[in-house]
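The values are calculated or read from the model by the stated rules, or taken from the named source; none is laboratory data. Keep in mind that this is a model prediction, so the values were computed, not measured. So basically every Cβ, Gly included, is an ideal-geometry build from the backbone, and we count neighbours across all protein chains shown.
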Amino acid sequence: MITCGAEIKGSELILCLLSKQDGLFQIAECRQVRHPLHNPNESESIRKFQRLIAKLFEDYKVTRLVIKERPTKGKFAGGAVGFKIEACLQLLEGVQVELINNAAIKEALQKHPIPIPFKATGLKAFQESAFNVGYAALAEE
């Protein structure tokens with residue numbers, strides 16, 4: 001069972017695929033971890049984006065998607081394009097979609113510290129937040 005941690009930054013979706021078996025975490029390879037939404041005002045562009053993500057999840061057998069929740073107001077509020085991406089993801093068939101807020105992520109990471117430094121994971125620096133989302137969700141299971 002693969003869990004995908006996701007962060008939405010501007011008009012881009014950043015992914016990290018993880019699994020947990022017998023208390024051990026595995027980071028799964030993924031052919032593409034950055035997915036920009038081009039032309040967010042065109043319906044066909046949004047449909048194409050959704051099909052791309054659905055195919056990726058099907059290929060990697062992703063059953064759960066955990067998205068870092070973004071505030072709707074204030075200094076760090078998400079933008080309209082980000083919420084379109086979030087809606088695309090929430091409407092995916094066959095994938096359990098959850099939102100997790102910053103406080104829950106921090107609490108999970110305090111209770112279940114990551115056993116190795118992030119640099120040792122082999123992931124790109126821009127994936128750290130998506131990794132933390134997925135790790136926190138799996139650690140709390």
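Quick notes on this one:
- Looking across segment 1-44 at every residue that is of a type in the set (Gly, Ala, Ser) and exposed (fewer than 14 other Cβ atoms within 10 Å of the Cβ), the one that is farthest from the chain's Cα centre (by Cα) is identified as Ser43.
- Checked against (1) β-branched (Val, Ile, Thr); (2) more than 15 Å from Ile14 (Cβ to Cβ); (3) at pLDDT below 95, Val81 passes all but condition (2).
- Output for segment 84-98, where each listed residue is among the aliphatic types (A, V, I, L, M) and either surrounded by fewer than 16 Cβ atoms within 10 Å (Cβ to Cβ) or over 12 Å from the mean Cα position of the chain (by Cα) (or both): Ala87, Leu91, Leu92, Val95, Val97
- For segment 97-126, the set of residues classified as closer than 20 Å to Met1 by Cβ, in a helix (DSSP H, G or I) and either touching a Cys at 6+ places or on another chain (Cβ under 7 Å) or of a type in the set (A, V, I, L, M) (or both) consists of Ala108 only.
- Test: residue in segment 115-122 that is of a type in the set (S, T, N, Q), closer than 22 Å to Ala54 by Cα and either without any contact (Cβ under 8 Å) to a residue 40 or more places away in the chain or surrounded by 12 or more Cβ atoms within 10 Å (Cβ to Cβ) (or both): no
- Criterion (farther than 28 Å from Ala139 by Cβ and in contact (Cβ under 8 Å) with a residue 12 or more places away in the chain) met by exactly one of Leu52, Leu89: Leu52
- For Ile67, the criteria (1) within 15 Å of the chain's Cα centre (by Cα); (2) assigned to a helix (DSSP H, G or I) hold in every case but one, which is (2).
- Positions within segment 70-83 being surrounded by fewer than 18 Cβ atoms within 10 Å (Cβ to Cβ) and either in a helix (DSSP H, G or I) or at positive phi (or both), in sequence order: Gly74, Ala80, Val81, Phe83
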